[in-house]
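As structure tokens, the structure follows; a few thoughts come after it.
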Amino acid sequence: MYGVPSSDAAVIQVDALTRTFEVKAETVEAVRGLSFEVQAGELVAFLGPNGAGKSTTVRMLTTLLPPSSGRARVGGHDVVREPEQVRQRIGYVGQGTGAGPFHTVRDELVTQGLAQRMSKAAALRRADELIEMLELDGLAKRLASTLSGGQRRRLDVALGLVHAPPVLFLDEPSTGLDPHSRANLWEHILALRRATGMTIFLTTHYLEEADAMAERVMIIDHGVLIANDTPERLKSEHAGDRIRIEVADADSVGRAAEVAEQLPSARALERGERSVAITVREGNRLLPELIQALQRNAIEVAGASVRRPTLDDVFLDLTGRSLREGVAA
Amino acid sequence: MRFASDVLISFRREIAPTLRSWYYVLFGLVQPLLYLGLFVPMLHDVPTGTAASPLQWFVPGMVVMLILFTTVTCGWSLTEELLSGAFERLLATPMSRPAILVGRALKELAPLLVQAVIVIGVAVPFGLALHVVPVLVGLVLLLAFGIGVAALSYALAIATRRDGSLFYMVTHSVALPLMLLGGVLLPMDMAPRWLYLASRANPLTYLVEAERALFAGELATVAVGYGAAVAGAVAVVGLWTGARTIRKASL
């Protein structure tokens, strides 16, 4: 943040960033006073429902949209005052298709290299390199409009990586892809990240994607940052593990509930006909303890399970709404 | 220097698909050749102010019309890339924005210049006198004019990107009166007084007159000067508007 000394390694610094749009004589505040930092090499996910302000933020960070107020620096340069320096340091994979429909795969990669100030020879070399890295072999001379959804998205990523940028923005990279293509795309992205150590700023409304891929999740809702931590910590702080114990005898439910309530951090106890459910932190570690305690109290345990929380539980806890509601899967 | 190389990058990108389907350029010749074959013969008894072949009077105006009608609608091709994300991808690179537009506009103009040269070549055996240097100057003026109109068309495409039919309505309701009032088809001297006055207020009129003067072999005349001023002004205003629209638009 400005005013506060920030770490030298921050490649993205956002301070009180806002963006308003005029829609039919009404002012819509898409992004309202965002402040955060991303350190070099981090893989951060920007998670939120559709219309939360994710893309608007990315478009400001990539110099495509001027902020209404506030400041942002990417790669050490101000997005408003030094857009050209920012553009040289970022790769941008937007929501749409980056390649033109009537252009060939290789032509687009070479054009992108030239646009990023590479020499003709370097652009050609890099195009072939990326075609191989992203498994686009044999497609080099095909028109982009003839590619499958997964191939097209890999080409988009390749286009973003032509100049080996230190920061890569991925705006909803896997939307519309089938699960197989999605997994395949991520394999490539993660391999490239391992090889280069680049910073990745990802927006997504897929909870599982944010959970599995990101080292840090920032949750945005109505243009405001409402959470910012590792997925693990967010889940244990805002959700916790749900332990469910099935007892053999309906009469022992009451006693089982008393025992379960003694667990550290226990909350949200729920009694079923032959079961007890309770939310705790670190459910995996507490489950054996709980079973032993139940046995000491002569309660016969018929079954047990721990459900790990999802980021949806976190979102539910923070907003009272489910993220899945808005997402027609 | 960087601007020129960016123009070249943009032009090369856009022209590649055109080169792959070059036969469309030939299809584009059908309309002007139909005018030459089916319309020009009617001009024999029309007072065009010259004793030479009616082709001498008609061809320069028709070339202006060809450029105007194609460049005014070329924003359409941008609409597609605006919606798909391909244009945005280039905007996120360090390329100069006006250079991206100029490159795109040149891509529209290159086939038109080829067509214009063919039309001129076809008309020569039928009585068009060819003055090479003035005609080349005429083509350069058309190039500047076309870049400006194309840039305005891109600006319009960005402004109306959510509504394709609005784009067509606006372009046609601007281009058609410009063409009719520009005296492309018939001499405006024949027009009623009010129509003649309206044509004098039409910038295109001066470009058409400059092209006619250049095709007749004039170079350093008032008519050519006015036409050059119009072409230059359209280029500057067009590029300024286009670059500004890109910067301001929340694409």
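The values are calculated or read from the model by the stated rules, or taken from the named source; none is laboratory data. Just so you know, these numbers come straight off a predicted model, no measurement behind them. Please note: Cβ atoms are built from the backbone with ideal geometry, for glycine as well, and neighbour counts cover all protein chains shown. Keep in mind that these areas ignore ligands, DNA and RNA; they rest on the heavy atoms of the full protein, side chains included. Shrake-Rupley method; radii C 1.70, N 1.55, O 1.52, S 1.80 Å.
Starting from residues that are in contact with a Leu (Cβ under 8 Å, 6 or more places away or on another chain), in contact (Cβ under 8 Å) with a residue 40 or more places away in the chain and at the interface with another protein chain (Cβ under 7 Å from one of its Cβ atoms), keep the ones in the stretch B:81-119 and report whichever is farthest from residue B:158 (Cα to Cα).
Within the stretch B:81-119, the match that is farthest from residue B:158 (Cα to Cα) is B:91.
Within the group A:4, A:11, which residue is surrounded by 18 or more Cβ atoms within 10 Å (Cβ to Cβ) and either at pLDDT below 90 or within 20 Å of the chain's Cα centre (by Cα) (or both)?
Exactly one residue qualifies, and that residue is A:11.
Which of the strands (runs of 3 or more DSSP E) contained wholly in the stretch A:155-260 include at least 2 residues that are assigned by TED's automatic domain parsing to the domain that holds residue A:40 and open to solvent by 40 Å² or more (accessible area, probe 1.4 Å)?
By residue number, A:224-229.
For every residue, the table says whether it meets (1) within 30 Å of residue A:94 (Cβ to Cβ); (2) among the polar types (S, T, N, Q); (3) assigned to a helix (DSSP H, G or I).
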residue: B:7; (1), (2), (3): yes, no, yes
residue: B:31; (1), (2), (3): no, yes, yes
residue: B:83; (1), (2), (3): yes, no, yes
residue: B:89; (1), (2), (3): yes, no, yes
residue: B:93; (1), (2), (3): yes, yes, no
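Output yes when any residue across the stretch B:60-80 is modelled with pLDDT of 90 or more and within 14 Å of another protein chain (Cβ to nearest Cβ), and no when none is.
Within the stretch B:60-80, not a single residue is modelled with pLDDT of 90 or more and within 14 Å of another protein chain (Cβ to nearest Cβ).
How many residues does the stretch A:91-139 hold that are out of contact with any Ser or Thr (no Cβ under 6 Å at 6 or more places or on another chain) and not in a loop (DSSP other than H, G, I, E, B)?
27
Cβ-Cβ distance below 6 Å, separation of 6 or more or different chains: which pairs start in the stretch B:15-26 with a residue that is within 18 Å of residue B:102 (Cα to Cα) and end on one that is among the basic types (Lys, Arg) and modelled with pLDDT of 90 or more?
Pairs that qualify, where the first residue is within 18 Å of residue B:102 (Cα to Cα) and the partner is among the basic types (Lys, Arg) and modelled with pLDDT of 90 or more, are B:15/B:107.
Scan the stretch A:65-93 for residues that are in contact with a His (Cβ under 6 Å, 6 or more places away or on another chain) and buried (at least 24 other Cβ atoms within 10 Å of the Cβ) and jot them down.
A:86 - this is the single residue of the stretch A:65-93 that is in contact with a His (Cβ under 6 Å, 6 or more places away or on another chain) and buried (at least 24 other Cβ atoms within 10 Å of the Cβ).
For the stretch A:109-123, which positions are facing chain B (nearest Cβ under 8 Å) and either in contact (Cβ under 8 Å) with a residue 40 or more places away in the chain or open to solvent by 20 Å² or more (accessible area, probe 1.4 Å) (or both)?
Answer for the stretch A:109-123, where residues must be facing chain B (nearest Cβ under 8 Å) and either in contact (Cβ under 8 Å) with a residue 40 or more places away in the chain or open to solvent by 20 Å² or more (accessible area, probe 1.4 Å) (or both): A:112, A:114, A:116, A:117.
Quick one: count up the residues across the stretch A:141-154 that are loosely packed, with under 15 Cβ neighbours inside 10 Å and assigned to a loop (DSSP other than H, G, I, E, B).
Count: 2.
What number of residues in the stretch A:58-90 are touching a Pro at 6+ places or on another chain (Cβ under 7 Å), within 11 Å of chain B (Cβ to nearest Cβ) and in a loop (DSSP other than H, G, I, E, B)? Walk me through it before giving the result.
We begin by selecting, within the stretch A:58-90, every residue touching a Pro at 6+ places or on another chain (Cβ under 7 Å); these are A:60, A:63, A:75, A:80, A:84, A:87-90.
Keeping just the survivors that are within 11 Å of chain B (Cβ to nearest Cβ) gives A:60, A:63, A:84, A:87-90.
Filter once more, so that each one left must be in a loop (DSSP other than H, G, I, E, B): A:63.
Summing the residues that are touching a Pro at 6+ places or on another chain (Cβ under 7 Å), within 11 Å of chain B (Cβ to nearest Cβ) and in a loop (DSSP other than H, G, I, E, B) in the stretch A:58-90 gives 1.
Failed condition for residue A:131, given (1) in contact (Cβ under 8 Å) with a residue 24 or more places away in the chain; (2) within 26 Å of residue A:45 (Cβ to Cβ); (3) surrounded by 15 or more Cβ atoms within 10 Å (Cβ to Cβ), with all others met?
(2)
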